[in-house]
Amino acid sequence: MCLNSRLIVAIDTADAGRARALIDSVTPYCGIIKIGLELFSALGPAAFAVAGSHKVFLDLKFHDIPNTVAGAIRSVLPRRPAMLTVHAAGGGKMIAAARRSVETAGGERPILLAVTVLTSLSSDDLAATGVADSASRHVLRLAHLALESGADGLVCSPRELSMLRAEFGAGPTLVVPGIRPKGAIQGDQIRVAFPADAVRAGADYLVVGRPITEAADIGAAAAAIAKEIADEIR
Ligand code: C5P
């Protein structure tokens, strides 16, 4: 049993040994391990072996034509990820194809999450890509598209949680990166929040990477965030 099943730790490293050590350090405190592009690109499906008995959030943020995304999902289903991601910007047909693909999983199927707007992007960054709306208006548009096309939930900024809960209620699974405990370095994340605030605003799961994995005492950092989440839920 872990201290907090709502804490997801992002194991962003290319090194299997370091990944294993990180996972060992955080095991008592988190429910799910996030395998992202860095670890999966380095190890391929062997990344699942590194995660051991942990549930895995496979965050490969698929974004391609519907047929290719559906095939990529079919290819990872035998590894039994608990959650996986596609980019909402891939469009309704791509998300619907992803949903049909996860439905083919035998037993419990993975939760299909759509990434709305990366938490590293500001409204100015979006404008540079041709999106004239604010980040939050764009998130809302992508959230409607994703949920109406078959996504079970969304990856969003903690700052958009209240808006999304007001719009969609308790139904969608909301997963938030961009979590920073008090005193942590923001890094390249722009739309960030404290763990307790994210829980209060309606997050189901909190994804934390560097504030834990780059801490001097990894276990202590994970324990402190897990406790902050647990205190808020109580
Ligand atoms: O180190 P940090 O806590 O910023 O890690 C956040 C993790 O969440 C990274 O693995 C990143 O890929 C992921 N992520 C994100 N923003 C999204 C979706 C996922 O930062 N919108």
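Some observations on this one:
- Matching residues in region 143-163 - criterion: being under 19 Å from Ile111 (Cα atoms) and surrounded by 24 or more Cβ atoms within 10 Å (Cβ to Cβ): Ala143, Ala146, Ala151, Leu154, Val155, Cys156, Ser157
- Residue match in region 131-141 (condition: under 23 Å from Ala82 (Cα atoms) and buried (at least 17 other Cβ atoms within 10 Å of the Cβ)): no
- Within region 135-151, the set of residues being away from the ligand (no atom under 16 Å from the Cβ) and assigned to a loop (DSSP other than H, G, I, E, B) comprises Ser149, Gly150.
- All positions within region 108-134 that are farther than 14 Å from Ser157 by Cα and part of a loop (DSSP other than H, G, I, E, B): Glu108, Arg109, Pro110, Thr129, Gly130, Val131, Ala132, Asp133
- Subset tally (residues that are under 15 Å from Ala82 (Cβ atoms) and in contact with a Pro (Cβ under 7 Å, 6 or more places away or on another chain)) for region 1-48: 1
- One residue from Gly44, Gly17 being more than 15 Å from Val56 (Cβ to Cβ) and surrounded by fewer than 18 Cβ atoms within 10 Å (Cβ to Cβ): Gly17
- Within region 1-52, the set of residues being touching an Asp or Glu at 6+ places or on another chain (Cβ under 9 Å), part of a loop (DSSP other than H, G, I, E, B) and aliphatic (A, V, I, L, M) comprises Ile11, Ala14.
- Pair list, Cβ < 6 Å and 6+ apart or interchain, from region 80-104 residues that are in a strand (DSSP E or B) to residues that are open to solvent by 30 Å² or more (accessible area, probe 1.4 Å) and not polar (S, T, N, Q): Met83/Ile111; Thr85/Lys61; Val86/Phe62; His87/Lys61; His87/His63
- Region 27-46, residues that are within 13 Å of the ligand (Cβ to nearest atom) and at pLDDT 95 or above: Ile32, Ile33, Lys34, Ile35, Gly36, Leu37, Glu38, Leu39, Phe40, Ser41
- Ala220 more than 22 Å from Ala114 (Cα to Cα), open to solvent by 30 Å² or more (accessible area, probe 1.4 Å) and not in a helix (DSSP H, G or I): no
- Remark: Ser75 falls outside the filter, which requires a residue to be within 16 Å of the ligand (Cβ to nearest atom), among the polar types (S, T, N, Q) and either surrounded by fewer than 18 Cβ atoms within 10 Å (Cβ to Cβ) or under 19 Å from Val155 (Cα atoms) (or both).
The values are calculated or read from the model by the stated rules, or taken from the named source; none is laboratory data. No experiment lies behind these values; they were computed from the predicted model shown. Methodologically, a virtual Cβ is constructed for each residue, glycine included, from the backbone with ideal geometry; neighbour enumeration extends over all protein chains shown. Ligands, DNA and RNA are excluded from the accessible area calculation, which covers all protein heavy atoms including side chains. Shrake-Rupley method; radii C 1.70, N 1.55, O 1.52, S 1.80 Å.
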